Amino acid sequence: MKKMALLGFFLMLIACKEKQLKTRYLPDSSGKINHLSIVMPEKSWNGFLGDKVRDLLLAPYEGLPIDEPQFSLKFIPEKVFTGFAKNSRNIIWFVKDPIGGFQLSENMMAKPQLVAKVSGVGQEVQAFYLEENITLLKASITEIEQTEKRRRIGKSPSTDKEFSDRFQISMTY
C-alpha cells in the first residue's frame, strides 16, 4: 500500500511539473488612444531627430476638412523613463548604439504594448531607420489601437437595447 501511495505521489509530481508554465507578470498598459511616448535625449528632441519625428508622426489625416494629426506625442527624457512611464501602450525608444536598426516588440514592459526601438550611432542614422520603417510602425500602432478601442467598447456598460429603450426609437413607415 505504501508503494502504491509513493508511486501515485511521484506520478502526480511528474504530471504537475510538465504543466508548469513560466509566465511573468506584466502590468496593464496605460494611455489615451493614438498617444505615443517618445523616449530620447532632450538634445535630440530639440534637434534634427526630434524635428524628423514630429514631421513623420504629426502628419495630418488625409481627407479631413481640418488638419488633425493622427497621433499625439509625449516626449519622455531617458532619465525619466522608469517605473510608471514604462507602462505606456505605444513607445518609440531611440537608443545610441553602434549597431543601427529598427525593432518592434510586443508586451515588453506592459500588456498590451508596442515598443519600437530605433538604434544608431547618431541622430541621422536613427532618423533614417525611423523613416524607412514608418509605414510598418504606423500600421502596427493602428492595429493595436483598434484592438484597444474594441476592448474599451466591449467593457462599456451600455448596450444597444438600453440605447433604444432610453431614446424610444420607433420604426414607422
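The values are calculated or read from the model by the stated rules, or taken from the named source; none is laboratory data. These numbers come from a predicted model, not from an experiment. Areas reflect the complete protein model, heavy atoms only, side chains present, ligands, DNA and RNA absent. Shrake-Rupley method; radii C 1.70, N 1.55, O 1.52, S 1.80 Å.
Taking the Kirkwood radius as Rh and the Cα radius of gyration as Rg, region 55-105 has a ratio of Rg/Rh equal to 1.06. Derived from the Cα gyration tensor, the three semi-axes of the equivalent ellipsoid of region 21-136 are 23, 19, 13 Å, largest first. One equal scatterer on each Cα of region 83-137, no solvent, Debye formula: the resulting log10 I(q)/I(0) at q = 0.15, 0.29 Å⁻¹ is -0.42, -1.06.
For region 69-163, a Kirkwood radius taken over Cα pairs fed into Stokes-Einstein (37 °C, viscosity 0.692 mPa s) yields D = 217 µm²/s. At a 1.4 Å probe, what is the % contribution of carbon and sulfur to the accessible area of region 12-108? Carbon-and-sulfur percentage of accessible area, whole number: 56.
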